[in-house]
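The values are calculated or read from the model by the stated rules, or taken from the named source; none is laboratory data. Everything numeric in this text was worked out from a predicted model, so none of it was measured. Neighbour counts run over all protein chains shown; Cβ positions are idealised from the backbone, glycine included.
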Amino acid sequence: MKKAVAKKTTVKKSTVKESLAPKKPVAKKPSVKVTAETLLKIGQKAPSFSLTNENGEKISLKSFSGKKVVIYFYPKDDTPGCTKESCDFRDHFSRLKKAGVVVLGVSKDSEASHLKFKTKYDLPFSLLSDETGKMCESYGVWKEKNLYGRKYMGIERTTFLLDEAGKITQIYPKVSVTGHVDQVLKDLS
């Protein structure tokens, strides 16, 4: 019995020593630096890009010279919000086409994922695969996000409206899916 008591005392002493020991500094996660250069503005020339679509075809901004372009960035194929947004663009596509607008969806998903998503929902426009994230970064939509206290990097749902010269005429940051396409159509008229 004496050994058990001695052992109990030893445990208490080591616990006390550990609680009095200086704590190691916690390494801070690097913060995302947002500079003025990454924030696009209305009237500015849109950053050029050349990405593949769901069929592996190269699509670049310069191929749409002389046309109005809607580029909508979305987080992930076949998720509820992204599906609703894409289907809204699909449902209003004839009106957008009549207004002479090209619609492009962009996410970091693969070509195969885009093809499956496009086929499943019968989307009549190209979905561009930005797996490297270069286009997302150049358009300033790759940002730190916060979900239930968990911080992570991801695409902030954002839409850009470009004129025939490739200049930004409208930016829709932090898009609320409901009514978004109606607002784009209103701004086109």
Given the conditions (1) surrounded by 18 or more Cβ atoms within 10 Å (Cβ to Cβ); (2) more than 20 Å from V181 (Cβ to Cβ), every one holds for I71 apart from (2)
Looking at the range 44-98, which of its residues are under 18 Å from D130 (Cβ atoms), under 17 Å from the mean Cα position of the chain (by Cα) and basic (K, R)? K76
Suppose we keep only residues that are without any contact (Cβ under 8 Å) to a residue 60 or more places away in the chain and either under 22 Å from E137 (Cα atoms) or in contact with a Pro (Cβ under 7 Å, 6 or more places away or on another chain) (or both) within the range 83-101. Which one would you say is surrounded by the most Cβ atoms within 10 Å (Cβ to Cβ)? S86
Of those in the range 153-175 that are closer than 14 Å to V70 by Cα and basic (K, R), the residue surrounded by the most Cβ atoms within 10 Å (Cβ to Cβ) is R157
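Tell me which residues, restricted to the range 127-139, are buried (at least 20 other Cβ atoms within 10 Å of the Cβ) and not charged (D, E, K, R). Please lay out each step first, then the result.
First, the residues of the range 127-139 that are buried (at least 20 other Cβ atoms within 10 Å of the Cβ): 127-130, 135-136, 139.
If the condition is that a residue be buried (at least 20 other Cβ atoms within 10 Å of the Cβ) and not charged (D, E, K, R), then L127, L128, S129, M135, C136, Y139 are the ones that fit.
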Would you pick out the residues in the range 120-156 that are of a type in the set (S, T, N, Q) and touching a Lys or Arg at 6+ places or on another chain (Cβ under 9 Å)? S126, S129, T132
Six or more apart or on different chains, Cβ atoms under 8 Å: show the pairs whose first residue is in the range 129-149 and modelled with pLDDT under 90 and whose second is of a type in the set (D, E). K145/E156
All positions within the range 113-128 that are free of Cβ contacts under 8 Å to residues at least 40 places away in the same chain and either in contact with a Pro (Cβ under 6 Å, 6 or more places away or on another chain) or not β-branched (V, I, T) (or both): S113, K116, Y121, D122, L123, P124, F125
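Between L123, L128, L96, L115, which is in a strand (DSSP E or B) and either of a type in the set (A, V, I, L, M, F, W, C) or more than 14 Å from V184 (Cβ to Cβ) (or both)? Write out each step before concluding.
Details: L123 fails: in a strand (DSSP E or B); L96 fails: in a strand (DSSP E or B); L115 fails: in a strand (DSSP E or B).
That would be L128, the only listed residue that is in a strand (DSSP E or B) and either of a type in the set (A, V, I, L, M, F, W, C) or more than 14 Å from V184 (Cβ to Cβ) (or both).
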Going residue by residue through the range 144-159, is there one that turns out to be over 20 Å from R90 (Cβ atoms) and in contact with a Ser or Thr (Cβ under 7 Å, 6 or more places away or on another chain)? no
